[in-house]
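The values are calculated or read from the model by the stated rules, or taken from the named source; none is laboratory data. Keep in mind that this is a model prediction, so the values were computed, not measured. No Cβ is skipped: glycine too gets one built from the backbone with ideal geometry, and neighbour counts run over all protein chains shown. The area values use the complete protein model at the heavy-atom level, side chains included, leaving out ligands, DNA and RNA. Shrake-Rupley method; radii C 1.70, N 1.55, O 1.52, S 1.80 Å.
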Amino acid sequence: MSQILTSRQADELHRALIAYLTAANLPNTAAALREELNLSEEVFEPATAKKYEGLLEKKWTSVVRLQKKIMDLEARNAALQHELNNTTPTSRQNKDPVSWLPRAPPRHTLQSHRDPITCVAFHPVFSSLASGSEDQTIKIWDWELGELERTIKGHTKAVLDVDYGGPRGNTLLASCSSDLTIKLWDPLDSYKNIRTLPGHDHSVSAVRFIPGSGNLLVSASRDKTLRIWDVSTGYCVKTLRGHAEWVRDVCPSLDGKYILSTSDDYTSRLWDVTVTNPEPKVTLIGHEHVVLCCAIAPPAAYKNLAAMAGIKAPPATSSAEFMATGSRDKSIRLWDARGTCIRTLVGHDNWVRGLVFHPGGKYLLSVSDDKTLRCWDLTQEGKCVKTIGDAHGHFVQCIRWAPSVIKDVSVNGDSGEANGTPKKAGVAVTPDSQIRCVIATGSVDLNVRIFAN
């Protein structure tokens, strides 16, 4: 012991031991130890004993706390080492947009909403970001500066989804709500409410502009239907029926020919909306709980997903060849166009709330009620190669990727794209477009966060 402790430290320990034994009502043991150490009662009188009382317990508990901290740090270090081992040199430098992944801390944390944030959407051209909340408002932010630009009021219940898109040369913002309505807002006219679309019989849970269509918008509702609207007239032009329960999410294909929907009936359905009376082209069955979110893979991902499925890569000109769905069963499933589940990605510890494919085609990103953002590498059989464990302080409810920058953009704000994706069918990232390494997430913690290169 003398080799480890100095004589003073050893003396302190002996006195603390005697004080502990005395306090524990073990006088004989304390006396035996005092005798062994040649500590007379005069040297170790009651006043001195009082000084050392409780010292041993404090030292012991502090050691336990330090041991726990060391274990936590070792686990964190192992996770970071794992992440480092699975990143390519280009993505490690965050210079190649095709390999870029978000990392903590976020560039901006945007705070103003008073209730949980349900949705976010990027303007296709400008640095505007819209967020919707259970506080019944939509807020418009400048995501580059991290500043609030305006608050939009009009809905009378929670705003459940927002999306930018619409007619060429006149980008609009669409929102939907638990108040059963869809509203259209004009960004070029101070976000004036230019039209309200009533028609659903229950909460409208998701809304998306259909790329390539110019005027068409699709909505999903708790009334078990999807509706397609002409935003120039405000009329519902098609109603899609087939789900047996609440329709939670909707995602149109890049060319606007197909729509993927998810539902409380545990299924997802792919609809061909080019026909007069759309019916599900394929039904995706496999999840064991409510399916909350979905995404259609961009053509850039076809090669990686086809290799995973063991099939020949489909041509880039075809759309909706591969899809992803996320569920309350905590899993993500990857599907091909025939409805075959080609991979189940397991890793989240709670409901999967949002999905987005990396525009470069190499990764799938997901957010969850487990407060994390996870990155799955499609070139490594869907392996989870990165986890941002502290993405938010509460459930993460939504994620969007900033649309690629399209060259030859007109001054009036038209990008030739809708929903953050180019209108040209079959090309996710063209020579005339550039990936923007910017992601937005929203959470029950009332924060919108911007992760950017």
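So the values come out like this:
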item: D249 long-range amide H proximity, modeled H, under 5 Å; result: T262
item: Extension gain (nm, one decimal) between I4 and D72, 0.36 nm per residue minus Cα-Cα; result: 21.8 nm
item: Additional length obtainable on full extension of the chain from E279 to T317, 0.36 nm per residue less Cα span; result: 11.4 nm
item: Carbon/sulfur fraction of accessible area - the chain, other protein chains in place, 1.4 Å, %; result: 50 percent
item: Normalised alpha carbon radius of gyration of region 354-404 [divisor 2.2 N^0.38 Å]; result: 1.12
item: Proximal lysines relative to K69, as straight alpha-carbon distance under 19 Å, when same-chain residues fewer than 8 apart are discounted; result: K58, K59
item: Spin-label pair E12/H82, simplified geometry with 7 Å Cα→Cβ offset, distance in nm; result: 3.9 nm
item: Length added when fully stretched, L33-D96, from 0.36 nm per residue minus Cα-Cα; result: 15.8 nm
item: Accessible area of the chain divided out per residue, in Å², using a probe of 1.4 angstrom; result: 45 Å²
item: ³J(HN,Hα) computed for each position of region 225-242 - Karplus, 6.51 cos²θ - 1.76 cosθ + 1.60, integer Hz, glycine/proline x; result: 10, 10, 10, 10, 10, 9, 6, 6, 10, x, 8, 7, 9, 8, 10, 9, 10, x
item: Long-range amide H partners of L292 with built H, under 5 Å; result: G326, S327, R328
item: Dimensionless Rg ratio for region 164-284, taking C-alpha atoms and the 2.2 N^0.38 Å reference; result: 1.00
item: Label-point separation, L26 to D115 (7 Å along Cα→Cβ), nm; result: 6.0 nm
item: Under the span-like rule (Cα at least 27 Å along the axis, Kyte-Doolittle mean at least -1.0), DSSP H helices of the chain; result: 55-85
item: Two-site label geometry, V63 and A244: point separation in nm, points 7 Å out along Cα→Cβ; result: 6.1 nm
item: Given [x] 22.3; [y] 23.6; [z] 24.3, the label whose value is Kirkwood radius over Cα pairs in Å derived from this model; result: [z]
item: Built amide H within the under 5 Å cut-off of I152, gap 5+; result: I138, K139, I140
item: Under the Karplus curve 6.51 cos²θ - 1.76 cosθ + 1.60, θ = phi - 60°, whole-Hz ³J(HN,Hα) for region 156-165, x wherever Gly or Pro sits; result: 9, 9, 3, 7, 9, 7, 9, 7, 9, x
item: Ranking by accessible area, most exposed first, for K362, K58 with a 1.4 Å probe; result: K58, K362
item: For region 89-202, the spread of Cα positions along each principal axis, largest first, Å; result: 52, 34, 26
item: Heavy-atom accessible area order for R195, R8, R333, largest first, 1.4 Å probe; result: R8, R195, R333
